[in-house]
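Working notes, beginning with the structure itself.
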Amino acid sequence: MDTACRVRAVCRGSARTTILQLTTELTILALRVLFLAILYLFLLAVVVAVRRDVSARAAEDGRGARLGRLVVLDPGQTDLEQGDPLELASVTRLGRSGQNTIVLDDSFVSAEHAVIVYRDGGWWLTDQGSMNGTLVNESPVRGEVALAAGDVIGIGSIRLRVTR
Amino acid sequence: MSRPVARTWRGIELGLLLFPAALLLVGLALLILAQGRELAPRNLGAGFTFAACLVATHVWLTRAYPHADQLLFPIAATLCALGQVMVTRLVPTLGLRQSLWVGLGFAVMVATLTLLPGVSWLRRYRYLCAAAGLLLVISTFALGIDPNGSGARLWLGFGGVFFQPSEILKVLLVIFFASYLDDYRELLTYGGPRFGPITLPPIPYLTPLFLMLLLSLLVLTLQRDLGAALLFYSIFLAMLYVASGRSSYVVLGLALFVVGAALTYRAFSHVQLRVDIWLDPWSKAESSGYQLVQGLTALAAGGLFGSGLTFGYPEYVPAVHTDFIIAAIGEELGLAGSLAVVALYLLLVYRGFKIALECRDSFGALLAAGLTTVVGVQSLVILGGALDLMPLTGVTLPLLSYGGSSILANFLILGLLLAVSAETRRP
């Protein structure tokens, strides 16, 4: 009777420790899964935030497309000021006549002097057969040339820098 | 006209910050349970303090810079949380110090943003930056110590606190390069002498830059800090490319690198050793290749989901809590864990370059691009080294590894990136 009682107590005790161990091990396993899950949920959340950011920006670009601008370095004989920004459109015509997107009233500028087109994510400049020619970084333009941000366009004594 | 309220409320950041806080708490709870200790709130002090620091930094950013990038800080905080869990697991005595460094890092980030009177203020002090950086490195020649027996005297000590000057030097160099290249940007785009399809940079204007680079490389090669030297050269090339947009400069730079690498391989025995270990670590598994082989074994032992925190044996890898922390992550969190780390760095670098692209001021853009390159290349160099994809050079894994100088320098970088972003997005 006495021994049986003691055996039962010991059994109950060891069962309790086993259950305790089991719960600890299960908790550890759950926490291990949770740990990696938090890492990956965070990555997912960041990617979702980036996606929203990108689509919001794309919508913004669609409304008021900002395709960069020309900054006046040397205004020549025009009444522009040094540092004035001139917004670029998808097709920007430069010349002396009032029909142009950007009118440059300078005696060295032809009526239709040059055109800048935005295509494939970049700007392309073509001289429209002007009398005095167009320079990009001080070398004369033949045919169509790609423009990069920082390039300087020269028309007569006018200097315009391409910026984003 | 009322201003949109939603834009001054950094909701995305707050939401994302829940993850690093939870990650650290779960990680610490896991460590306590696995070591058979009692899971009580007082044992999770470091986790709650970290969460409080996150909230404090977030509140401050919301008040002072509501428009600055919202993803950069949560990504960095997640890397830090993971780093704190791993360091606590690997060297329990350093766990608390690491949380202290991370807390100080937040303070450095906030202080950089607050004290900097505009990003363009930095460009005026470029030679001061360059001189201060070089002075720091040269002072390690005279006063350098080697507190952890790595074989290179790269630290300066002030009363029990050790500081690694090359960490701060990389930030100073980026400021110098950005300022210098921005001034000569047009000349660089125009190009110098031409040889067939290859355009050389206009050499006279680049002389101070090359001298600066040569000097820092020389100092670092003599100091045996190859990782830093490699990092500096990559920063230089990346920034030259960003400033000029000419791939021919990069081709030329890489050709010079090959020549330089061949020369240093011949001249320095420690470079030879690194390359030999990279080519065949297994034949030297008991001697010079010990660290790499142990690291590779740990990574392989981890498998897909790892052994679980505290259930692996990463202690066999030398420097596992600093340079080789990826081996411990790979062993105990598996490929899942190490891929998450790579993804975190990818997102951090993406965000940094995005800040650079959005910046309208060319100095700010160059600065952001350079600082992002520092973080990206450093992660690449040590991850590639630990995986035996390239010769191993000892640099820390940014924000993850244990180390005060590294943590503080990286938060300085984050502070500068946020400053560029805050200026760009200010309405």
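Is it fair to say A:Ser107 is under 30 Å from A:Arg159 (Cα atoms), surrounded by fewer than 13 Cβ atoms within 10 Å (Cβ to Cβ) and at pLDDT 75 or above? Taking the combined requirement at face value, the residue satisfies it. Screening the candidates B:Gly376, B:Gly370, B:Gly364 for the property of being out of contact with any Cys (no Cβ under 7 Å at 6 or more places or on another chain) and either within 14 Å of chain A (Cβ to nearest Cβ) or over 30 Å from B:Leu122 (Cα atoms) (or both) yields one hit, B:Gly364. From the list B:Gly15, B:Gly36, B:Gly45, B:Gly27, the lone residue that is at pLDDT below 90, in a helix (DSSP H, G or I) and either of a type outside the set (Lys, Arg) or within 25 Å of the chain's Cα centre (by Cα) (or both) is B:Gly45. Restricting attention to region B:311-357, the residues being among the basic types (Lys, Arg) and over 17 Å from the mean Cα position of the chain (by Cα) number 1. Taking residues in region A:140-164 that are within 10 Å of chain B (Cβ to nearest Cβ) and surrounded by 16 or more Cβ atoms within 10 Å (Cβ to Cβ), and partners anywhere that are of a type in the set (S, T, N, Q) and in a strand (DSSP E or B), the pairs with Cβ atoms closer than 6 Å and at least 6 places apart or on different chains are A:Ala149/A:Thr163. Kindly indicate whether A:Asn132 is away from every other protein chain (no Cβ under 14 Å) and either modelled with pLDDT of 85 or more or within 19 Å of A:Asp74 (Cα to Cα) (or both). In short, yes. What number of residues within region A:103-123 are assigned to a strand (DSSP E or B) and within 29 Å of the chain's Cα centre (by Cα)? Residues meeting the conditions: 8. Once region B:278-297 is narrowed to residues that are of a type in the set (A, V, I, L, M) and modelled with pLDDT of 90 or more, the residue that is farthest from B:Leu387 (Cα to Cα) is B:Leu279. Taken as a whole, the condition of being farther than 28 Å from B:Tyr184 by Cα and among the hydroxyl-bearing types (Ser, Thr, Tyr) does not apply to A:Ser157. Against the conditions (1) farther than 30 Å from B:Leu347 by Cβ; (2) in a helix (DSSP H, G or I), where does A:Asn100 fall short? Just the number, please. With respect to (1) farther than 30 Å from B:Leu347 by Cβ; (2) in a helix (DSSP H, G or I), A:Asn100 is out only on (2).
The values are calculated or read from the model by the stated rules, or taken from the named source; none is laboratory data. Worth saying up front: this structure is predicted, and the values here are computed from it rather than measured. When we count neighbours, we look across all protein chains shown, and the Cβ atoms used for this are built from the backbone with ideal geometry, even at glycine.
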